[in-house]
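Here the structure is laid out as structure tokens; the discussion comes afterwards.
FYI, it's all coordinate maths here, none of it is from the lab. Here the structure is a predicted model, which means the values were calculated and not measured. FYI the Cβ positions are ideal-geometry reconstructions off the backbone, even for glycines, and counts take in every protein chain you see.
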Amino acid sequence: MRVEFADSMIKFADSHPQMVFITGDLGYMALEKVQQKLGEKFINAGVAEQNMVTVGAALAHEGFIPWLYSISPFVTLRPYEQIRNDACLHDLPVKLVGNGGGYGYGIMGATHHNIEDIGALRLLPNMRVYVPFTASDVEQSIEQMLADPHPNYLRLNQGAKIKYEVAPFTQWRKIKSGTKGTVVGTGPVVENICNLDVAADLEIWVVSIFPINGVPAGLMESINATQKLITIEEHSGECGLRETLSYHIMNHLHGPVKMLALSANGYPSGKYGDQKFHQAENNLGGEGLKQQLESFL
Amino acid sequence: MYKAANAGHVGCSLSVAEIITFVRFNWMHDNDEIILSKGHAAASIYSMLAEEGILSEEDIKTFYKNNTFLAAHPPVNKIKRVPFATGSLGHGLSIAAGLGLAQKLKKTDKKVFCITSDGEINEGSTWEAALFIAHHNLKNVVWLVDRNKLQGFGRTEDVMKLEPLDKKLEAFGFNVIIADGHNFISLEEAKNKALKSDIPTAIICNTTKGRSWKLYEGKLDSHYLPMKDDHYDVILAEVEIDYNSQISKL
């Protein structure tokens, strides 16, 4: 999604002259054209994310729309208090962009992963978290973020490639219908279910903006009809989709519903590999996912 | 205010009172920004706003009370001339950096004055901001350090040595000026030097925490303890003597 992100920055620069781009010293072989396009409004703030976020908040206070870019944990968890105090409490349109949410940075290791970002940020006041599903979601989500006057976080990853048609970017999207179970997922990891044979008769939904303030009627109908709910997220279930969705459906259930919550549980083996490796050992992909689904269904 | 509120942090405001008075009424223009990074001295900026007429006497009476806008640290979005809530140390200089950068991009001549404590220079974010301000040559930012040499639980040089602070700030790329933070003539001299600088200025204002509160002047107690009745009268008398002495020299 990094290519689509850079292309979108260039595309919207002319129509949004208040855009300022600040990178935390990242973007080699990716942001050079953005730098060229934005000129003095492209700033490398160095490896100093706390300052970067507060500078962004002050720019937003002065009418700019700052896009603050880094690897996901460095732009979210490192400057968390700056995000809360300076951007969120003041409800300023600071746009955080984290590349490689989840296990996106694979073999780079645990310091470069982020399986707490959605949870950590969605609970901050005024913050809205955008999680694109496909590569083509990126431009649409950026367009929506530009129109969103609140602080936002954009979680970038590898875009999902699935055989089903995906509707334009919005908070809730139904990917396909089905009767044997209801899947609700967030982010590109949902593709791992979409592409399995066992998914043929599953209803699949993707949620792409947090916090959620309710659940679409069609989704509730599906959950109540199938009585089997599967959540999938490349993120901790604690404070993640698993918990927030559970809360929002609780008062709308017609009867007992079985739930399989697939989430990122860190490093079960203590070993490292690429993104697919970490997905597989957390049952978010590969044989583990397949077996979990077959056993559950 | 502190007496009425029976609140601590008296010494923190007394330490910075002349600095704020000088900056607001003898240096900054109405469109300029002032950031009190040491938010625990909120009463000093509330007093400034009362003097300007932005806060009323009735507002001031609510300080520290329930249902007030005037919290112990400057609040979010409720008061003119307080663009950001402060109180968590180490944010203010980055706020000033961002506001300064914004003015540079907008090509205005607005200035940004940032008053930090010396203790908060412990914060890494303060140094991040210092690097940023110097690198981008944000000479529209003026950093005033309230150098009272006391922080939360000890003397700055015992807790985490800051000296030689002037050389450190110079090495970071600042035009460093040392001033007596309780003396308007000294602050005026600092201002004149700052105005001639082609690089950002940091003024190390030597001060005394709890200035005029003789019992606790220069002591950590002045950071935390509320005033007793007899202390209040002594402080008022001291402030008056000090003020008259300075006015006579101007």
Rounded to the nearest 10 degrees, the helix B:184-195 long axis (Cα) sits at an angle to the longest Cα principal axis of chain B of 20
Give the separation of the Cα centroids, region B:1-37 to region A:156-206, in Å.
57
Give me the dipole magnitude in Debye, nearest 20, for region B:2-249 about the Cα centre, with unit charges on the beta carbon: positive for Lys and Arg, negative for Asp and Glu.
660
Region B:166-211 and region B:90-131 have their Cα centres apart by a whole-number Å value of 15
Karplus-derived 3J(HN,Hα), 6.51/-1.76/1.60, for each residue of region B:167-173, Hz, glycine and proline x:
5, 4, 5, 4, 4, 7, x
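At a threshold of 8 angstrom on Cα-Cα distance, excluding pairs fewer than six apart, so keeping six or more, what relative contact order does region A:85-225 reach in percent? Numbers along the way, then the final one.
On the way: 253 pairs, mean separation 35.1, N = 141.
Taking the mean separation of contacting Cα pairs over the length of region A:85-225, I get 25 percent.
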Modelled FRET efficiency - R0 45 Å, A:Leu297 with B:Asp59, Cβ distances, 0.05 increments:
0.10
So, with points 7 Å from each Cα along the Cβ direction, the A:Glu287-A:His150 label distance in nm works out to 4.4
Counting only residues 5 or more places away or on other chains, whose amide H sits under 5 Å from the amide H of B:Gln151 once H atoms are built in the peptide plane?
B:Thr156
Scan around A:Val184 for amide H atoms under 5 Å from its own, H built in the peptide plane at 1.01 Å from N, and keep only partners 5 or more places away or cross-chain.
A:Trp205, A:Ile230, A:Thr231, A:Ile232
If amide H atoms are built 1.01 Å from N in the plane of the peptide, which residues on other chains or at least 5 residues away come under 5 Å of the amide H of B:Leu144?
B:Cys114, B:Ile115, B:Thr116, B:Ile203
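How high is the relative contact order of chain A, in percent, counting Cα pairs under 8 Å that sit 6 or more residues apart? Before the final figure, lay out the partial values.
Details: 640 pairs, mean separation 44.5, N = 297.
Answer for chain A is 15 percent.
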Unit-weight point scatterers at every alpha-carbon of region B:60-184, Debye formula, q = 0.10, 0.13, 0.22 1/Å: log10 I(q)/I(0) is -0.37, -0.61, -1.35
Under the Karplus curve 6.51 cos²θ - 1.76 cosθ + 1.60, θ = phi - 60°, whole-Hz ³J(HN,Hα) for region B:116-127, x wherever Gly or Pro sits:
10, 7, 8, x, 6, 5, 4, 5, x, 5, 5, 6
Could I have the simple spin-label model distance between B:Arg155 and A:Asn195, label points 7 Å from Cα toward Cβ, reported in nm to one decimal?
6.7
In a Debye calculation with equal point scatterers on the alpha-carbon sites of chain A and no solvent, what is log10 I(q)/I(0) at q = 0.08, 0.10, 0.14 Å⁻¹?
-0.33, -0.52, -0.99
Quickly estimate the mean residue ellipticity at 222 nm for chain A, helices only: each DSSP H run with n ≥ 4 gives -39500 (n - 2.57), and the total goes over all residues, rounded to 500.
-9000 deg cm²/dmol
Taking a ≥ b ≥ c as the square roots of the eigenvalues of the Cα gyration tensor, with a/c under 1.5 meaning rounded and otherwise prolate when a/b exceeds b/c and oblate if not, region A:2-156 is rounded
Go through region B:75-82 residue by residue and turn each phi into a ³J(HN,Hα) via Karplus (6.51, -1.76, 1.60, θ = phi - 60°); whole Hz please, and just put x for glycine and proline.
x, 8, 6, 10, 10, 4, 6, 10
Two decimals is fine: what's Rg over Rh for the protein assembly as shown, C-alpha atoms, Kirkwood radius as Rh?
1.06
So, relative contact order of region A:172-296 in percent, Cα under 8 Å, 6 or more apart, is 25
Which residues in region B:107-133 have a backbone N closer than 16 Å to a point placed 7 Å from the Cα of B:Leu195 along the Cα-to-Cβ line?
B:110-112
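At 222 nm, what value in deg cm²/dmol follows for chain B if DSSP H runs of at least 4 each add -39500 (n - 2.57) and the sum is divided by all its residues, to the nearest 500? Please list the in-between numbers first.
Numbers: 11 runs with 113 residues, N = 250.
Value at 222 nm, helices only, nearest 500: -13500 deg cm²/dmol.
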Note down, for region B:2-249, the three equivalent ellipsoid semi-axes (square root of 5 times each alpha carbon gyration tensor eigenvalue), biggest first, whole angstrom.
27, 20, 18
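Among B:Ser94, A:Ser136, B:Ser88, what is the fewest-to-most ranking by other Cβ atoms within 10 Å?
Numbers: B:Ser94 35, A:Ser136 15, B:Ser88 18.
Lowest count first: A:Ser136, B:Ser88, B:Ser94.
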R0 = 22 Å: FRET efficiency of B:Glu51 with B:Ile185, Cβ-based, nearest 0.05?
0.60
Averaged over peptide B:83-96, how many Cβ atoms belonging to another chain are found within 10 Å of each residue's Cβ?
5
Once the Cα gyration tensor of region A:172-296 is found, what semi-axes does its equivalent ellipsoid get, as square roots of 5 times the eigenvalues, in whole Å, sorted largest first?
23, 16, 13
If R₀ is 41 angstrom, what is the calculated FRET efficiency for the pair A:Tyr247 and A:Ile107, using the beta carbon separation as r and rounding to 0.05?
0.70
Tally the DSSP beta bridges in chain A and give the antiparallel ones as a percent, rounded to 5.
15
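On full extension of the chain, what length is gained from A:Gln36 through A:Tyr272, given 0.36 nm per residue of separation minus the C-alpha to C-alpha distance? Don't skip to the answer; put the middle values down first.
Working: separation 236, 0.36 × 236 = 84.96 nm, distance 3.66 nm.
Full extension of this stretch gives 81.3 nm more.
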Can you put B:Trp143, B:Trp27 in order of Cβ neighbours within 10 angstrom, beginning with the fewest?
B:Trp27, B:Trp143
Residues of region A:167-181 with amide N under 19 Å of a point placed 7 Å along Cα→Cβ from A:Val257
A:171-181
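Taking neighbour counts of Cβ atoms within 10 Å as a proxy for exposure, in what order, fewest first, do B:Ser212, B:Ser117 appear?
Values: B:Ser212 22, B:Ser117 31.
Ascending number of Cβ neighbours within 10 Å: B:Ser212, B:Ser117.
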